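One structure is given below, encoded as structure tokens.
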Amino acid sequence: MSIPHDATRSAPGAAGTPDGTGRARAEFAALSVLARIRAGRPEPSPYERCEMCGAPVADQHQHVVNIGTRSLLCTCRPCYLLFTHDDAALAYRAVPDRYLSFQDLAAPVWEELELPVGTAFLFINSALERVVAFYPGPAGATESELPLAAWDRVVATTPGLGTLKPDVEALLVRAVDQKVEAFLVPIDVCYELVGHLRKLWRGFDGGQDVRRRLDDFFAHVRSRCTSGHREVVT
């Protein structure tokens, strides 16, 4: 059986035909432009930058708090050391690396402060001259509207809490399965937890991912408290 002559022709626009050749050239030109754009972009830096002097900082770096704006700034070691003097009247304060565990006093602290949620952190806001409480949740950190007049009574009965540094350290508390834990931690640790929970939060109570993240987070805090170079208050 003979094959019709028209059947041997390539379809319009196929490779090898004038239309196909033009399309291939256009695609090649577009890819060449994209390649030149990529080549002109600087390689992403593996480091962050100090938000004070612009020097590179490693992934694990220290922070200072802007007292006026309540914001955290990533800093290099030299800039960080400029703001470590607790008695100086400075606009910034360095966040220390101190962890304390209040093992036996956690439940009385929780009951005295009457916190309505399972996890909260409290710190002394020097601008307001009072203690404030925040709860991690789907919207970030929500400030407590509860009166915290009991704070002075808690400090009086809890050794170590009187050393809490304003603005840069927090009392982190958690109640789960009728067990209460309380720790003094750097304030940036609390905001790190807030960021993680906000991303993971699902439904009314956060869901399984939030509970797993909380378990891992508090296990890490406990390990920092019980290592040889950390202080523990019991």
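One residue alone among Ala170, Ala133, Ala149 is modelled with pLDDT under 80, among the small types (Gly, Ala, Ser) and within 27 Å of Ala89 (Cα to Cα), and that residue is Ala149. Note on the stretch 62-104: among residues that are in the same structural domain as Arg174 (by TED's automatic domain parsing) and of a type in the set (S, T, N, Q), the one that is surrounded by the most Cβ atoms within 10 Å (Cβ to Cβ) is Ser101. Out of the residues in the stretch 39-53 that are at pLDDT below 90 and in a loop (DSSP other than H, G, I, E, B), which is surrounded by the most Cβ atoms within 10 Å (Cβ to Cβ)? Among those that are at pLDDT below 90 and in a loop (DSSP other than H, G, I, E, B), it is Tyr47.
Taking the criterion of being charged (D, E, K, R) and in contact with a Phe, Trp or Tyr (Cβ under 6 Å, 6 or more places away or on another chain), the only residue of the stretch 84-122 that qualifies is Arg93.
Of the strands (runs of 3 or more DSSP E) lying entirely inside the stretch 134-205, those carrying at least 1 residues that are surrounded by 21 or more Cβ atoms within 10 Å (Cβ to Cβ), among the small types (Gly, Ala, Ser) and touching a strand residue (DSSP E or B) at 6+ places or on another chain (Cβ under 8 Å) are 169-176, 179-186.
The values are calculated or read from the model by the stated rules, or taken from the named source; none is laboratory data. Everything numeric here is computed off the predicted structure, so don't read it as measured data. Note that each Cβ is placed from the backbone with ideal geometry, even for glycine, and that neighbours are counted across all protein chains shown.
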